[in-house]
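As structure tokens, the structure follows; a few thoughts come after it.
The values are calculated or read from the model by the stated rules, or taken from the named source; none is laboratory data. Just so it is clear, the structure is predicted and the values come from calculations on it, not from any experiment. Here Cβ is always computed from backbone atoms with ideal geometry, including for glycine, and neighbour counts include all displayed protein chains.
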Amino acid sequence: MAISLVASDAASPRVLDLGAGTGLLAAMVRSKLPQARLSLIDMSESMLEVARQRFAGDPDVEYTVADYSAHTFEPGSYDIIVSSLSIHHLTHPAKQALFKKLYDALTPGGVFVNADQVAGATEAADAYYRQRWLAEIAASGLSQAAIDASVERRAVDINAKLGDQMDWLSQAGFQNVDCMYKYLDFAVFYGLKPATP
Ligand SMILES: C[S@@+](CC[C@H](N)C(=O)[O-])C[C@H]1O[C@@H](n2cnc3c(N)ncnc32)[C@H](O)[C@@H]1O
């Protein structure tokens, strides 16, 4: 028997991908849910352009170039909201405000899944994550220029602790909040909007 963590069982689920970039995560969703209607939002026109090419000819994909933290989503308009490697760019208050907005944007029984970088519970954990990451990219074969660019990019990350983010999801109204996967500073966590109030 297949077990689903999602209460909603819409035949053609409406799926929103926040910070969709080139559409990698949305493509994974499409492979699991072939009937899904996908909405991709990203502030970068050039990233979404790559997604447009990826989904060329697919009539069930729409694109919005916008800052999702400022964008107004229609209440109850999505069955599933996903995001990967994007929300850590927001300040902590903006993350909390976004989680509330996403709760409202979901249909009852809908789910929000976030795969993102997280801060460690302690400074020692953060130092360990960074040490592991630096060792991994040093051994990756990337050029020094590419490594320097990665280090520079990560300097503007605003990672929040996993526990805090799960609390913010609960405070926004989500239930069954849980972390389904974690490896060093990468985590996949989710919350369910109850099917009945
Ligand atoms: C590291 S990329 C990840 C892209 C994609 N989700 C993936 O996993 O391949 C982060 C993306 O988030 C987008 N982004 C960051 N903050 C955003 C915001 N406030 N509103 C819309 N897009 C945002 C960036 O433009 C970028 O395309």
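Condition check ((1) in contact with a strand residue (DSSP E or B) (Cβ under 7 Å, 6 or more places away or on another chain); (2) farther than 30 Å from residue 193 by Cβ; (3) among the basic types (Lys, Arg); (4) not in a loop (DSSP other than H, G, I, E, B)) across all residues:
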site: 135; (1), (2), (3), (4): no, yes, no, yes
site: 149; (1), (2), (3), (4): no, yes, no, yes
site: 168; (1), (2), (3), (4): no, no, no, yes
site: 179; (1), (2), (3), (4): yes, no, no, yes
Q.
Condition first: among the polar types (S, T, N, Q) and closer than 18 Å to residue 190 by Cβ. Now tell me which residues in the range 96-131 satisfy that.
A. 96, 107, 114, 117
**Q.** Evaluation of residue 153 against (1) farther than 18 Å from residue 86 by Cα; (2) part of a helix (DSSP H, G or I) (one fails), failing number
**A.** (1)
Q: Would you check if there is a residue in the range 50-60 being in contact (Cβ under 8 Å) with a residue 24 or more places away in the chain, under 29 Å from residue 176 (Cβ atoms), charged (D, E, K, R) and part of a loop (DSSP other than H, G, I, E, B)?
A: yes
Q | Whichever residue in the range 66-95 is without any contact (Cβ under 8 Å) to a residue 60 or more places away in the chain and touching a helix residue (DSSP H, G or I) at 6+ places or on another chain (Cβ under 8 Å) and, among such residues, is farthest from the ligand (Cβ to nearest atom) | A | 76
Q.
surrounded by 12 or more Cβ atoms within 10 Å (Cβ to Cβ), touching a residue at least 24 places away in the same chain (Cβ under 8 Å) and hydrophobic (A, V, I, L, M, F, W, C): is that true of residue 105 in this structure?
A. yes
Q) Out of the range 151-166, which residues are of a type in the set (Asp, Glu) and farther than 13 Å from residue 93 by Cα? A) 152, 157
Q: Give just the number: which of (1) assigned to a strand (DSSP E or B); (2) closer than 28 Å to residue 150 by Cα does residue 47 not satisfy?
A: (1)
Q | Near pairs, Cβ below 6 angstrom, 6+ apart or cross-chain, from the range 17-42 (assigned by TED's automatic domain parsing to the domain that holds residue 62) to any residue that is surrounded by fewer than 23 Cβ atoms within 10 Å (Cβ to Cβ) and charged (D, E, K, R) | A | 23/54; 37/14; 37/60; 39/62
**Q.** Residues satisfying the stated conditions in the range 12-50, i.e. among the small types (Gly, Ala, Ser), near the ligand (Cβ under 9 Å from one of its atoms) and buried (at least 17 other Cβ atoms within 10 Å of the Cβ)
**A.** 19, 20, 21, 23, 26
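This table checks each residue for (1) farther than 14 Å from residue 172 by Cβ; (2) crowded, with 16+ Cβ neighbours inside 10 Å.
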{"site": "80", "(1), (2)": "yes, yes"}
{"site": "95", "(1), (2)": "no, yes"}
{"site": "115", "(1), (2)": "yes, yes"}
{"site": "121", "(1), (2)": "yes, no"}
{"site": "124", "(1), (2)": "yes, no"}
